[in-house]
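Enquirer: Below: one structure in structure tokens.
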Amino acid sequence: MAEKFDAIVVGAGPSGNAAAYLMARAGMNVLQLERGEYPGSKNVQGAIMYAEALEAVIPNCRRQAPFERAVLEQRMWLMDERSHVGSHFRGTVDADEQPTRYTVIRANMDKWLSGKAQDAGALLICETTVVDLLKNGERVVGVRTDRVNGDIFADVVVLADGVNSLVATKAGLRPRVKAHDVALAVKEMHFLPKQTIEERFNISGNDGVVIEMFGKITRGMVGTGFLYTNKESVSLGIGCMVEDFKSTGVSPYQLLEELKSHPSIRPLIARRT
Ligand SMILES: Cc1cc2nc3c(=O)[nH]c(=O)nc-3n(C[C@H](O)[C@H](O)[C@H](O)COP(=O)(O)OP(=O)(O)OC[C@H]3O[C@@H](n4cnc5c(N)ncnc54)[C@H](O)[C@@H]3O)c2cc1C
């Protein structure tokens, strides 16, 4: 590869896809590189999407984006080993209003937004990892990939390889991330019939519930659990600071197993009542 592009975007998550889409739509010759097999294949998120941010990129996104459920109810639970105390807020949306938040499944969302970038003319190459930036003096002139003869040149390189960008760290553009700055979360999706979800969470149509959980479920570590309703699945996860996992020796999967068997959670994800 010795071609030169106007811009190279590293990563096909929300940031990379938005950057690739906007630049391609403006007529630039854009190459996007993603290490995963397809956009979204590597990405874990709760996930709630804030529609106004997406709308700034794709104005009529609400009619076409693969949103799961509109988040109309937010529950906050303080939990001990066997019970919880909680509060919840349930909003309403009038006919002339739009919900502000939606649950999403990242694999679907990333594929959709990436499709927009490609439709606008961006060239996406997957299964290609950027290992370094190419520089001419202080100026970034391209990227080095893990492919044979994999140097590619561009006037602009956008690093959208995640909040802990290893490429930016290696290039000296940001300090190394420390364990006490980083949280680690794990999540599972529990597939359930749509009707079961609506009965269990007291919702109908496209409405959704999210639950944020605190307290003893994190065994004294700084962190939180979450449960989000999708159309036909429930996303359940928990995360804490990496430093805390290191010092306690508790694994994230251990916490998730404990959360799944918590009496307040177990009936919400059970396959049969
Ligand atoms: C468990 C969890 C729950 C979360 N829940 C929410 C939520 O509900 N709502 C919310 O708004 N945010 C949530 N977040 C945060 C959200 O996931 C991030 O803010 C978001 O993913 C950042 O998007 P991004 O495009 O910058 O990076 P990413 O989504 O991390 O995408 C980076 C992409 O770059 C690719 N990549 C990385 N390195 C390279 C490389 N060297 N070469 C090529 N490709 C590369 C990756 O494969 C990936 O596709 C959550 C995060 C976690 C971990």
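The values are calculated or read from the model by the stated rules, or taken from the named source; none is laboratory data. Here the structure is a predicted model, which is why all the values come from computation and not from measurement. Positions of Cβ are backbone-derived with ideal geometry, glycine not excepted, and every protein chain shown enters the neighbour counts.
Enquirer: Residue pairs, Cβ under 7 Å, 6 or more apart or interchain, first in the range 177-193 and without any contact (Cβ under 8 Å) to a residue 60 or more places away in the chain, second among the hydrophobic types (A, V, I, L, M, F, W, C). List them.
Expert: Short answer, once both residue conditions are applied: 183/240; 183/241; 183/242.
Enquirer: Looking at residue 81, is it assigned by TED's automatic domain parsing to the domain that holds residue 229, within 16 Å of the ligand (Cβ to nearest atom) and either in a loop (DSSP other than H, G, I, E, B) or crowded, with 17+ Cβ neighbours inside 10 Å (or both)?
Expert: On the way: assigned by TED's automatic domain parsing to the domain that holds residue 229: yes; within 16 Å of the ligand (Cβ to nearest atom): no; either in a loop (DSSP other than H, G, I, E, B) or crowded, with 17+ Cβ neighbours inside 10 Å (or both): yes.
Criteria not met by residue 81.
Enquirer: Looking at the range 151-172, which of its residues are within 11 Å of the ligand (Cβ to nearest atom), in contact (Cβ under 8 Å) with a residue 40 or more places away in the chain and either among the hydrophobic types (A, V, I, L, M, F, W, C) or in a helix (DSSP H, G or I) (or both)?
Expert: 158, 159, 160, 167
Enquirer: Among the numbered criteria (1) within 30 Å of residue 142 (Cα to Cα); (2) within 16 Å of the ligand (Cβ to nearest atom), which single criterion is violated by residue 175?
Expert: Every listed condition holds for residue 175 apart from (2).
Enquirer: Within the range 237-255, is even one residue within 24 Å of residue 70 (Cβ to Cβ), among the charged types (D, E, K, R) and within 16 Å of the ligand (Cβ to nearest atom)?
Expert: Scanning the range 237-255 turns up no residue that is within 24 Å of residue 70 (Cβ to Cβ), among the charged types (D, E, K, R) and within 16 Å of the ligand (Cβ to nearest atom).
Enquirer: Within the set of pairs 6 or more residues apart or between chains, which connect a residue that is over 22 Å from residue 166 (Cβ atoms) inside the range 1-29 to a residue that is within 16 Å of the ligand (Cβ to nearest atom) and among the aromatic types (Phe, Trp, Tyr) with Cβ atoms less than 9 Å apart?
Expert: Filtered contacts from the range 1-29: 28/5; 29/5.
Enquirer: Taking the options 174, 144, 200, 106, name whichever one is under 30 Å from residue 26 (Cβ atoms), modelled with pLDDT of 95 or more and among the charged types (D, E, K, R).
Expert: Values: 174 fails: modelled with pLDDT of 95 or more; 200 fails: under 30 Å from residue 26 (Cβ atoms); 106 fails: modelled with pLDDT of 95 or more.
Result: 144 is the single residue among 174, 144, 200, 106 that is under 30 Å from residue 26 (Cβ atoms), modelled with pLDDT of 95 or more and among the charged types (D, E, K, R).
Enquirer: Right, another one. Condition first: among the small types (Gly, Ala, Ser) and more than 6 Å from the ligand (Cβ to nearest atom). Now tell me which residues in the range 8-57 satisfy that. Give the derivation first.
Expert: First, the residues of the range 8-57 that are among the small types (Gly, Ala, Ser): 11-13, 15-16, 18-20, 24, 26-27, 36, 40-41, 46-47, 51, 53, 56.
Within the range 8-57, 18, 19, 20, 24, 26, 27, 40, 41, 51, 53, 56 meet the criteria.
Enquirer: Show the residue pairs meeting these rules: Cβ distance below 7 Å; 6+ apart or different chains; first residue within the range 91-113 and within 10 Å of the ligand (Cβ to nearest atom); second residue polar (S, T, N, Q) and at pLDDT 85 or above.
Expert: Between residues of the range 91-113 that are within 10 Å of the ligand (Cβ to nearest atom) and residues that are polar (S, T, N, Q) and at pLDDT 85 or above, the close pairs are 103/229; 103/230; 110/17; 113/17.
Enquirer: Can you name the helices (runs of 4 or more DSSP H) wholly within the range 1-76 that have at least 2 residues being in contact with a Ser or Thr (Cβ under 9 Å, 6 or more places away or on another chain), buried (at least 23 other Cβ atoms within 10 Å of the Cβ) and at pLDDT 95 or above?
Expert: On the way: elements: 14-25, 51-57, 61-64.
Output list reads 14-25.
Enquirer: Just give me the residues in the range 155-203 being of a type in the set (Val, Ile, Thr) and over 16 Å from residue 131 (Cβ atoms), in sequence order. Spell out how you get there, then give the answer.
Expert: Here is the first cut: in the range 155-203, the ones of a type in the set (Val, Ile, Thr) are 156-158, 163, 167, 169, 177, 182, 186, 196-197, 203.
156, 158, 163, 177, 182, 186, 196, 197, 203, listed by residue number.
Enquirer: While we're here: May I ask you to say which residue of 201, 214, 191 is surrounded by 18 or more Cβ atoms within 10 Å (Cβ to Cβ) and of a type in the set (Phe, Trp, Tyr)? Even if it seems obvious, please write down each step before you answer.
Expert: Details: 214 fails: surrounded by 18 or more Cβ atoms within 10 Å (Cβ to Cβ); 191 fails: surrounded by 18 or more Cβ atoms within 10 Å (Cβ to Cβ).
Every option except 201 fails the conditions.
Enquirer: Are any residues in the range 256-272 of a type in the set (A, V, I, L, M) and outside any helix (DSSP H, G or I), and if so, which ones? Don't jump to the end; show me each part of the working.
Expert: Taking the range 256-272 first, the residues of a type in the set (A, V, I, L, M) are 256, 259, 265, 268-270.
Hits for the range 256-272 are 265, 270.
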